[in-house]
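Asker: Just dropping this structure here.
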Amino acid sequence: MEGQLNHDALDAALERCGATWGAAQSHGLLAGRLAVAGPACGEEWLALVLDGVDASNAMRTECEKMLGEAFGQAYQQLAERLSEFEPLLPDDADDAEVRATGLAHWCEGFLHGLVSARHGDELKKQLAADPLADIIKDMLQITRAAVSDDDDEEVIEEAYAELVEYLRIAAQLAFEELADIRDAGAPPAA
């Protein structure tokens with residue numbers, strides 16, 4: 001997708017400003033929070049990702065700008081339901097181990113975004129029911145993703161592509177499944 005935020009650039013910016021969250025994990029967190037709360041989650045998400053980063057840190061502004069772009073792109077992709085959502089992951093040219101770690105971190109962030117949201121019993125019921133319960137179980141498995149030296153490169157590439165596609169669809173499905181939760185938490189129309 002043209003204009004898509006680059007994982008490595010955001011990851012480097014987050015590291016420079018002293019954030020403890022990486023690009024993949026931050027983006028996963030964003031996707032999970034958007035599914036539960038919609039665009040209202042923006043300030044809370046940004047504060048969590050940049051927690052501990054001094055407000056006077058010159059690099060913080062760069063991070064905030066890039067995170068703002070990530071927020072806008074992710075929300076637009078999920079809300080338009082055109083299946084254009086893409087998890088922010090390391091580049092395909094990166095080593096398989098780096099990409100597997102990126103997948104794991106993205107899933108960690110996504111799960112944190114889903115389960116740490118404050119929406120009470122209705123959210124808990126939806127997360128415990130299919131298809132979200134299966135998505136959560138699958139993502140927990142992906143957080144343990146690793147590459148073995150014995151694995152064939154072609155098999156690794158095929159498995160990676162399948163997992164990325166799964167995350168893309170799972171995030172979109174979670175967003176759609178939790179529409180009632182988002183709508184219940186939205187402020188009343190004026």
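Asker: Output the residue which, of all residues in the range 51-70 that are among the acidic types (Asp, Glu) and in contact with a helix residue (DSSP H, G or I) (Cβ under 9 Å, 6 or more places away or on another chain), is farthest from Ala24 (Cα to Cα).
Answerer: Asp54
Asker: I've got another one for you. So which residues in the range 145-160 are assigned to a loop (DSSP other than H, G, I, E, B) and open to solvent by 80 Å² or more (accessible area, probe 1.4 Å)? Let's see the steps before the verdict.
Answerer: At the first step, the residues of the range 145-160 found to be assigned to a loop (DSSP other than H, G, I, E, B) are 145-152.
Passing the criteria: Ala146, Asp149, Asp150, Asp152.
Asker: Check whether at least one residue in the range 166-178 is farther than 13 Å from Ala35 by Cα, surrounded by fewer than 19 Cβ atoms within 10 Å (Cβ to Cβ), at pLDDT 90 or above and β-branched (Val, Ile, Thr), and report yes or no.
Answerer: No - not one qualifying residue is present in the range 166-178.
Asker: Name the residue, out of Gly52, Gly18, Gly42, Gly22, that is within 17 Å of Val115 (Cα to Cα), in contact (Cβ under 8 Å) with a residue 24 or more places away in the chain and not polar (S, T, N, Q).
Answerer: Gly42
Asker: Which of the residues spanning the range 60-76 are polar (S, T, N, Q) and either on the phi > 0 side of the Ramachandran plot or touching a residue at least 24 places away in the same chain (Cβ under 8 Å) (or both)?
Answerer: Residue satisfying the conditions is Gln73 alone.
Asker: Give the range 93-107 a look and list any residue that's touching a residue at least 60 places away in the same chain (Cβ under 8 Å) and open to solvent by 70 Å² or more (accessible area, probe 1.4 Å), or say none.
Answerer: Listed by number, the list holds a single entry, His105.
Asker: So, in the range 29-54, exactly how many residues are open to solvent by less than 10 Å² (accessible area, probe 1.4 Å) and on the phi > 0 side of the Ramachandran plot?
Answerer: 1
Asker: Select from the range 77-104 the residues that are out of contact with any Phe, Trp or Tyr (no Cβ under 9 Å at 6 or more places or on another chain) and in a helix (DSSP H, G or I) and list them in ascending order.
Answerer: Result: Glu80, Glu97, Val98, Thr101, Gly102, Ala104.
Asker: Another question, if that's okay. Could you tell me which numbered condition Asn57 fails, if it satisfies all but one of (1) modelled with pLDDT under 95; (2) buried (at least 18 other Cβ atoms within 10 Å of the Cβ)?
Answerer: Going through the list (1) modelled with pLDDT under 95; (2) buried (at least 18 other Cβ atoms within 10 Å of the Cβ), Asn57 breaks only (2).
Asker: Right, another one. Could you count how many residues in the range 79-89 are of a type outside the set (D, E, K, R) and surrounded by fewer than 23 Cβ atoms within 10 Å (Cβ to Cβ)?
Answerer: Residues in the range 79-89 being of a type outside the set (D, E, K, R) and surrounded by fewer than 23 Cβ atoms within 10 Å (Cβ to Cβ): 3 in total.
Asker: Pull out all pairs, ordered by first then second residue, where Cβ-Cβ is under 6 Å, the residues are six or more apart or on different chains, the first lies in the range 134-145 and is on the phi < 0 side of the Ramachandran plot, and the second is among the charged types (D, E, K, R).
Answerer: Correct list of pairs: Thr143/Glu108.
Asker: Next question, about the same structure. Residue by residue through the range 116-131, note down the ones that are free of Cβ contacts under 8 Å to residues at least 60 places away in the same chain and surrounded by fewer than 18 Cβ atoms within 10 Å (Cβ to Cβ).
Answerer: Result: Ser116, Arg118, Gly120, Asp121, Lys124, Lys125, Ala128, Ala129, Asp130, Pro131.
Asker: Quick check on the range 15-28: of everything there that is assigned to a helix (DSSP H, G or I) and either touching a Ser or Thr at 6+ places or on another chain (Cβ under 9 Å) or over 18 Å from Phe110 (Cα atoms) (or both), which residue is most open to solvent (accessible area, probe 1.4 Å)? Step through it out loud before you land on a result.
Answerer: Filtering the range 15-28 down to residues assigned to a helix (DSSP H, G or I) leaves 15-17, 23-28.
Still in the running and either touching a Ser or Thr at 6+ places or on another chain (Cβ under 9 Å) or over 18 Å from Phe110 (Cα atoms) (or both): 15-17, 24.
Numbers: Glu15: 140, Arg16: 120, Cys17: 6, Ala24: 5 Å².
In this case the residue turns out to be Glu15.
The values are calculated or read from the model by the stated rules, or taken from the named source; none is laboratory data. No experiment lies behind these values; they were computed from the predicted model shown. Neighbour counts run over all protein chains shown; Cβ positions are idealised from the backbone, glycine included. Only protein heavy atoms, including side chains, enter the accessible area calculation; ligands, DNA and RNA are left aside. Shrake-Rupley method; radii C 1.70, N 1.55, O 1.52, S 1.80 Å.
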